[in-house]
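**Q** Take a look at this one; I'll ask things after.
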Amino acid sequence: MSTISGNAGPRKADPAVRKITAADVVEAMIKGLRDFQAAPLYGLACGALYALGGVLILLSVTALGMSYLAYPLAAGFALIGPFVAIGLYEVSRRREAGEPLALGAIFATVKSRGEIGWMAFVTVFIFLMWMYQVRLLMALFLGLNVSFASFDGFIAAVLTTNAGLLFLAIGNLDGAVLSLLLFSLTVVSFPLLLERDVDFITAMITSVRAVVTSPLPMIGWAAVIVVLLIVSALPAFLGLIVTLPVLGHATWHLYRRIVAPIGELAATP
């Protein structure tokens, strides 16, 4: 039975975390692009499914007369990207290990990692938290029975009234906090759970340790992800068909630079 220690450092069983620099982020992006070029069909398929999901969500809220939720939904949709890209991590892992690429084998590997399901639950839970908070902020600043005939009407109300501008400011700040929280919990978690037999709590702790150990490069990486996803989502999510696979492959290679091989001593922040 384990006991709680007063030492704030990682336990011996925890994966070792190494400090990275901006050069590691750049190198990971280059390797991610190479993986996409080497196995484009897997990346394009994953990116297309992600983009299609975004389009279907927006069409659904428009059909339900809730087009004013298009912006927060589009912003929150990026939160589930790390889970959608799980298959791309496996593609990069197999290329790195010299293993053959086969859709069935990739799916079987992902399916066999049961803890990934718990991480997916964490991801979806935070996405739902974001949407509930958006509705709460709308009620507080724009009225309890908020409803707009069109997305243009919503934008006009937000940009031309003091209450709307305050809603926009607080909503974006709230979204930034939730995004940083989810990024910290997942940036290393999904690749780690795919590669090693650890529980999802250990994976999340390791992910947070990675961000704390290298705060500037990791926050810079988060900013790159946000900017690329926003720009890619503007043309009806079509840009995500290419952007998601490159970011997914790059995430794997950044993970390999952050988490040391088994047996290597942990770095001290």
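The values are calculated or read from the model by the stated rules, or taken from the named source; none is laboratory data. Bear in mind the structure is a predicted one, so any value in this text is a computation, not a measurement. All Cβ positions, even for glycine, are placed from backbone atoms using ideal geometry, and neighbour counts span all protein chains on display.
**Q** Could you tell me which numbered condition ILE20 fails, if it satisfies all but one of (1) surrounded by 21 or more Cβ atoms within 10 Å (Cβ to Cβ); (2) modelled with pLDDT of 90 or more; (3) assigned to a helix (DSSP H, G or I)?
**A** Result: ILE20 fails condition (3) only.
**Q** Now, a different point. Quick check: anything in the stretch 55-65 in contact (Cβ under 8 Å) with a residue 40 or more places away in the chain, out of contact with any helix residue (DSSP H, G or I) (no Cβ under 8 Å at 6 or more places or on another chain), outside any helix (DSSP H, G or I) and not hydroxyl-bearing (Ser, Thr, Tyr)?
**A** yes
**Q** Consider GLY175 against the criteria (1) over 16 Å from ALA78 (Cβ atoms); (2) in contact with a Pro (Cβ under 9 Å, 6 or more places away or on another chain); (3) among the small types (Gly, Ala, Ser): it satisfies all of them except one. Which criterion is unmet?
**A** Of (1) over 16 Å from ALA78 (Cβ atoms); (2) in contact with a Pro (Cβ under 9 Å, 6 or more places away or on another chain); (3) among the small types (Gly, Ala, Ser), only one is false for GLY175: (1).
**Q** Regarding the stretch 181-195, can at least one residue be identified that is of a type in the set (Ser, Thr, Tyr), touching a Lys or Arg at 6+ places or on another chain (Cβ under 7 Å) and closer than 21 Å to ALA22 by Cα?
**A** Within the stretch 181-195, not a single residue is of a type in the set (Ser, Thr, Tyr), touching a Lys or Arg at 6+ places or on another chain (Cβ under 7 Å) and closer than 21 Å to ALA22 by Cα.
**Q** Is it true that ARG11 is more than 30 Å from ALA156 (Cβ to Cβ), at pLDDT 75 or above and of a type in the set (Lys, Arg)?
**A** The answer is no for ARG11.
**Q** Could you check the stretch 73-130 and list, in sequence order, the residues that are at pLDDT 90 or above and of a type in the set (Lys, Arg)?
**A** ARG93, ARG94, ARG95, listed by residue number.
**Q** Please state which one of ILE225, ILE201, ILE230 is surrounded by fewer than 22 Cβ atoms within 10 Å (Cβ to Cβ) and closer than 18 Å to ALA120 by Cβ.
**A** Matching residue, one of ILE225, ILE201, ILE230: ILE201.
**Q** To continue, here is another question. Any idea which of LEU216, LEU192 is in a helix (DSSP H, G or I), among the hydrophobic types (A, V, I, L, M, F, W, C), over 12 Å from the mean Cα position of the chain (by Cα) and crowded, with 22+ Cβ neighbours inside 10 Å?
**A** Matching residue, one of LEU216, LEU192: LEU192.
**Q** Would you check if ALA70 is surrounded by fewer than 18 Cβ atoms within 10 Å (Cβ to Cβ) and either in contact (Cβ under 8 Å) with a residue 60 or more places away in the chain or out of contact with any strand residue (DSSP E or B) (no Cβ under 9 Å at 6 or more places or on another chain) (or both)?
**A** yes
**Q** Let me ask something else. Applying the selection to the stretch 78-107, what residues are surrounded by 21 or more Cβ atoms within 10 Å (Cβ to Cβ), more than 30 Å from MET131 (Cβ to Cβ) and of a type in the set (Gly, Ala, Ser)?
**A** Within the stretch 78-107, SER92 is the sole residue that qualifies.
**Q** With (1) surrounded by fewer than 20 Cβ atoms within 10 Å (Cβ to Cβ); (2) farther than 21 Å from ILE116 by Cα; (3) of a type in the set (A, V, I, L, M, F, W, C); (4) at pLDDT 90 or above as the list, and LEU173 as the residue in question, which single condition is left unmet?
**A** (4)
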